[in-house]
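Reviewing the structure listed below.
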Amino acid sequence: MDRLIVSGGNILSGTVPISGAKNAALPCLAASLLTTGKIVLDHLPAVADIRTMIKVLQALGCDVTVDKTKDAFELSAVVKTDSLENGKLEAPYELVKTMRASILVLGPLLARFGRASVSLPGGCAIGARPVNLHLDALQRMGAKITIDGGYIVASVPGGRLTGIDHTFDKVSVGATENLMMAACLASGVTVLRNAAVEPEIGDLAAMLRAMGAKIDGIGTPVLTIVGSDLLGGCRHAVIPDRIEAGTFICALAAAGGDIVLERVEPDDLRPLTDLMTITGCGIEEQSERGGAVKRLRVFKDPGVRLRSRDVITAPHPGFPTDLQAQMMAVMTQAAGISIIRETIFENRFQHAMELERLGANLRVEGNTAIVAGPSQLKGCTVMATDLRASAALVIAGLAAKGDVTIDRVYHLDRGYAGIERKLQTVGAGVQRVKGGRV
Ligand code: EPZ
């Protein structure tokens, strides 16, 4: 297993290209199942989860061809699904267990073919992560769903899903995406209330509209979808990854310096950038060609101590749970007490124990972490436990004295394309050790 060695103390300077959003690219890939038309997706991030979703599509019988960009940070994919009709339509456990977002093929398969078999994803490091919200709503649309041998076995006895007026018990990004896709080919009108409003939902809706879907209410918690008999192909460019961009903003805050993030959507980053401004970072939005090109300059004097801030994670437009771990690493360097509350997942503080090993002064009580800074972090070996926890350890390493060795960086590779190469381009002391060999 690869390791990263982070040598702290370097001040960051330069430009970082931000890749397409993993959490937008995954539902967009699943949406290709809704049509026999050709789907072309650009700005897919070159990360493990995208490769896994492509394998899931190929396991279902899709024809997927992939082109890498020259910097190998992104991919373009062409997806054709005209040969699935008589296939098994099964998303296998071997793939689903490595990436729970595979559940996003369930809605499109049921809507288009009236049958599907998808392995239950099982829990993951950050929580139980059930899929009841997906299954309850699909059953209300007319799907018959049983659990057999660890698989969700679904069919539509009536032949076609029917539109519903449905209120989700709690805000769920994945359930909103699955049901929005299912509704596009259902008969009649579907209204989804208490829907998630994350930017990735808006990007999926934009792709579905380009395929001919009729969707209103994008960006609001009430989505209205008028079912179509058929959807066409399209070419779609996935939005920039706000979580990758936010991770680099946190890296800058921890290390100090002056960097420019290329291809970002500043509006998607406001929950973080507003907070970072208060803690003592400078944020400058730059745009060219009437907004067609957007950049974000982030700067912080390495000699100036950050101010501590409280953080409460919440569904968008609240502070994103996917930046909580990274923010905790930054707050270990801020002067004062920071109270960090995780309200989305029940076990998303595993990075806290690893930060303590580096010398952070913090305590976890239930879903709340109390961080007392600043702490002088000292290099040692730590273990990555999940995708965003790994990013937090890299950020902590940038501020630590000595080398921080991070094991199990396959977690990082799930959601960050070449993070060590991007950090090296702005002067960070990071190197990857292949397979544990020196
Ligand atoms: C998406 O996961 C993201 N993943 C997650 O990013 C992100 O943390 C999460 O949304 C919240 O923003 C992708 O988009 C691929 P949810 P998802 O359904 O859809 C509970 C990352 O690091 N819930 O919004 O699985 C659930 O347990 C990943 O990139 C149910 O109870 O999240 C959680 O407590 C991690 N029943 C809450 O809802 C359900 O049927 C929000 O989950 C579904 C969810």
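The values are calculated or read from the model by the stated rules, or taken from the named source; none is laboratory data. What you are looking at is a predicted structure, and each value in this text was computed from that prediction instead of being measured. Note: ideal-geometry Cβ built from the backbone for every residue, glycine included; neighbour counts use all protein chains shown. Note: areas computed on protein heavy atoms with side chains; ligands, DNA, RNA excluded. Shrake-Rupley method; radii C 1.70, N 1.55, O 1.52, S 1.80 Å.
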Inset, instruction - Any chance you could check the Cα centroid distance between the stretch 358-401 and the stretch 38-83 for me, in angstrom? - result: 34 Å
Inset, instruction - Assuming R0 = 60 Å, can you tell me the calculated FRET efficiency for the pair residue 288 and residue 363, based on Cβ-Cβ distance, to the nearest 0.05? - result: 0.85
Inset, instruction - Take the alpha carbon gyration tensor of the chain, find the square roots of its eigenvalues, order them as a ≥ b ≥ c, and report rounded if a/c is under 1.5; if not, report prolate when a/b exceeds b/c, else oblate. - result: prolate
Legend entry - Within the accessible area of the chain (1.4 Å probe), percent carbon and sulfur: 50 percent
Legend entry - FRET E, pair residue 11, residue 65, Förster distance 51 Å, beta-carbon r, rounded to 0.05: 0.75
Legend entry - Kirkwood Rh, Cα atoms: Rg over Rh of the stretch 379-438: 0.92
Legend entry - Contour minus Cα-Cα distance for residue 226 and residue 347 (0.36 nm per residue): 39.8 nm
Legend entry - Estimated vicinal HN-Hα couplings, Hz - the stretch 261-270 in sequence order (Karplus 6.51, -1.76, 1.60; Gly, Pro = x): 9, 9, 6, 10, 10, x, 4, 6, 9, 4
Inset, instruction - May I ask you to derive the relative contact order of the stretch 329-425, considering only C-alpha pairs under 8 Å and at least 6 residues apart, and to give it as an integer percent? - result: 27 percent
Inset, instruction - Tell me the label-point distance for the pair residue 274, residue 36, using the 7 Å Cα-to-Cβ offset, in nm and rounded to one decimal. - result: 4.9 nm
Inset, instruction - In nm, give the distance between the simple-model label positions of residue 132 and residue 267, each being 7 Å from the Cα along the Cα-to-Cβ direction. - result: 3.5 nm
Inset, instruction - Just the number, please: percent antiparallel of the DSSP beta bridges in the chain, rounded to the nearest 5. - result: 70 percent
Inset, instruction - Multiply the residue gap between residue 72 and residue 381 by 0.36 nm, knock off their C-alpha separation, and tell me the result in nm, one decimal place. - result: 108.4 nm
Inset, instruction - Set Lys and Arg Cβ to +1 and Asp and Glu Cβ to -1, take the dipole of the chain about its Cα centre, and tell me which of 430, 396, 373 lies farthest positive. - result: 430
Inset, instruction - Assign one of three labels to the stretch 7-80, namely rounded, prolate or oblate, based on the Cα gyration tensor with a ≥ b ≥ c the square roots of its eigenvalues; rounded applies when a/c is under 1.5, prolate when it is not and a/b is larger than b/c, and oblate otherwise. - result: prolate
Inset, instruction - Evaluate the Debye formula for the stretch 115-235 with equal point scatterers sitting on the alpha carbons, no solvent, and hand back log10 of I(q)/I(0) at q = 0.14 Å⁻¹, in q order, two decimals. - result: -0.60
Legend entry - Between the stretch 214-260 and the stretch 297-357, the Cα center-to-center distance that results, in Å: 22 Å
Inset, instruction - Looking at the stretch 22-237, send over the antiparallel percent of its DSSP beta bridges, to the nearest 5. - result: 75 percent
Inset, instruction - Please say if the stretch 22-237 is rounded, prolate or oblate, where rounded means a/c under 1.5 for a ≥ b ≥ c the square roots of the C-alpha gyration tensor eigenvalues, and otherwise the choice is prolate for a/b larger than b/c and oblate otherwise? - result: rounded
Legend entry - In nm, spacing of pseudo-spin labels at residue 189 and residue 425 (7 Å Cα→C-beta vector): 4.7 nm
Inset, instruction - Grab the Cα-Cα distance for residue 83 and residue 139, subtract it from 0.36 nm times how many residues apart they are, and report the gain in nm with one decimal. - result: 17.5 nm
Inset, instruction - Report the FRET efficiency, 1/(1 + (r/R0)^6), for residue 124 and residue 153, where r is their Cβ-Cβ distance and R0 is 22 Å, rounded to 0.05. - result: 0.50
Legend entry - Cβ-placed point charges (K, R +1; D, E -1), dipole of the stretch 1-136 about Cα centre in debye, nearest 20: 180 debye
Legend entry - Surface per residue (accessible, 1.4 Å probe) for the chain, Å²: 37 Å²
Legend entry - Order by protection proxy (mean Cβ within 10 Å, highest first), peptides 38-44, 222-228: 38-44, 222-228
Legend entry - Packing rank of 135-141, 198-204, 166-172, where each peptide gets the mean count of other beta carbons within 10 Å, highest leading: 198-204, 135-141, 166-172
Inset, instruction - Highest first, please rank the peptides 249-259, 408-418 by the mean number of other Cβ atoms sitting within 10 Å of their residues. - result: 249-259, 408-418
Legend entry - Charged-residue dipole, Cβ positions (Lys, Arg, Asp, Glu), the chain about Cα centre, Debye nearest 20: 520 debye
Legend entry - Positive dipole terminus of the stretch 22-237, leading residue within 220, 36, 197 (C-beta point charges): 36
